[in-house]
1. Within the stretch 148-162, does at least one residue satisfy the condition of being of a type in the set (Lys, Arg) and over 22 Å from Tyr243 (Cα atoms)?
2. Of the residues Ile121, Ile113, which single one is in contact with a Ser or Thr (Cβ under 6 Å, 6 or more places away or on another chain) and surrounded by fewer than 18 Cβ atoms within 10 Å (Cβ to Cβ)?
3. Please tell me if Asn155 is closer than 24 Å to Ile134 by Cβ and polar (S, T, N, Q).
4. Exactly one of (1) touching a residue at least 24 places away in the same chain (Cβ under 8 Å); (2) surrounded by fewer than 16 Cβ atoms within 10 Å (Cβ to Cβ); (3) in a strand (DSSP E or B) is unmet by Ile131. Its number?
5. List every residue pair whose Cβ atoms sit under 7 Å apart, with the two residues 6 or more apart in sequence or on different chains, where the first one lies in the stretch 150-172 and is in the same structural domain as Glu106 (by TED's automatic domain parsing) and the second, anywhere, is part of a helix (DSSP H, G or I) and of a type in the set (Gly, Ala, Ser).
6. Could you tell me which of the residues Val203, Val147 is of a type in the set (Val, Ile, Thr), surrounded by 14 or more Cβ atoms within 10 Å (Cβ to Cβ) and in contact (Cβ under 8 Å) with a residue 12 or more places away in the chain?
7. Taking the stretch 217-244 on its own, how many of its residues are assigned to a loop (DSSP other than H, G, I, E, B) and buried (at least 16 other Cβ atoms within 10 Å of the Cβ)?
8. Find the residue count for the stretch 185-200, including only residues that are in contact with a Lys or Arg (Cβ under 9 Å, 6 or more places away or on another chain), under 14 Å from Pro98 (Cα atoms) and not acidic (Asp, Glu).
Amino acid sequence: MKHFHYDSLISTNEQAKLLLNEHDAIIITADEQLGGKGRKNRTWVGDKGKNLYCSIGFRHRIHSKTLEPHSYQFAGAIIAYNAITRILPKEQVRLKFPNDIMVKDEGGKFRKICGILTEHIYYGNTLQSTIIGIGINVEQKEFPDEVKDIATSLNRMGYAVTVHDIFNFLFDIVSEYKFDSDSIIYDEWHDLVEIEGRIVKLVSDGQNYLVTKVFDDGRLQAENINDSSIKIIDDGDSIRYEYE
């Protein structure tokens, strides 16, 4: 896997799309992103040189075995979780459905430290390439008003690590990770997300649901706790729930 680093980019994911025309497996980092995105086109906010802005990209060969698209989303979350838990104890770290990593601060509140955004490029109906974007807050200690109550960083948590440190952890994990089994990746992600049996609030309708099943593509089957109606929740839905 070839590593490309830049001083500044609009988006590491967008740069990965360009480089995957020439390379099969890449990892891209930048000191800053001017237009980094999260889910639903939300802006990923961060200071230059203070956080890890990273994209992992794969070009899929027509006759080679390719994972199901959702497995790359799961794998990105697993990789980021494993990098963060090389620093923080696992008891403090949670994977929030579908793609955020939360950490418990000294006051017992869970705050967001990492987000993952996976994109797929198709040629007709054929999956051509996949990009897993990972953003980890590392050295940033002050955050804009709109996220200061929900975001944190490794340094803010009291860990004196650098962006270079966390990248080295992540690069080692990516280099050794086996992208070859949908079922193994799903099982590992399922164990980390721990959402089955939880009560979640669906933001779109304000209703509470009991998650009764997690499908192998990551969708949730949930039962309305008021009228027992069944709802299928996917990664395009926003939900709220409590962590333990």
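The values are calculated or read from the model by the stated rules, or taken from the named source; none is laboratory data. Remember, predicted model here, so these are calculated numbers, not experimental data. Quick reminder, even Gly has a Cβ in these numbers, built from the backbone with ideal geometry, and neighbours come from all protein chains shown.
1. No - not one qualifying residue is present in the stretch 148-162.
2. Ile121
3. Working: closer than 24 Å to Ile134 by Cβ: yes; polar (S, T, N, Q): yes.
So Asn155 passes the test.
4. (2)
5. Ile166/Ala83; Phe169/Ala83; Leu170/Ala83
6. Criteria check complete, one pass: Val147.
7. Number satisfying all stated conditions: 4.
8. 4
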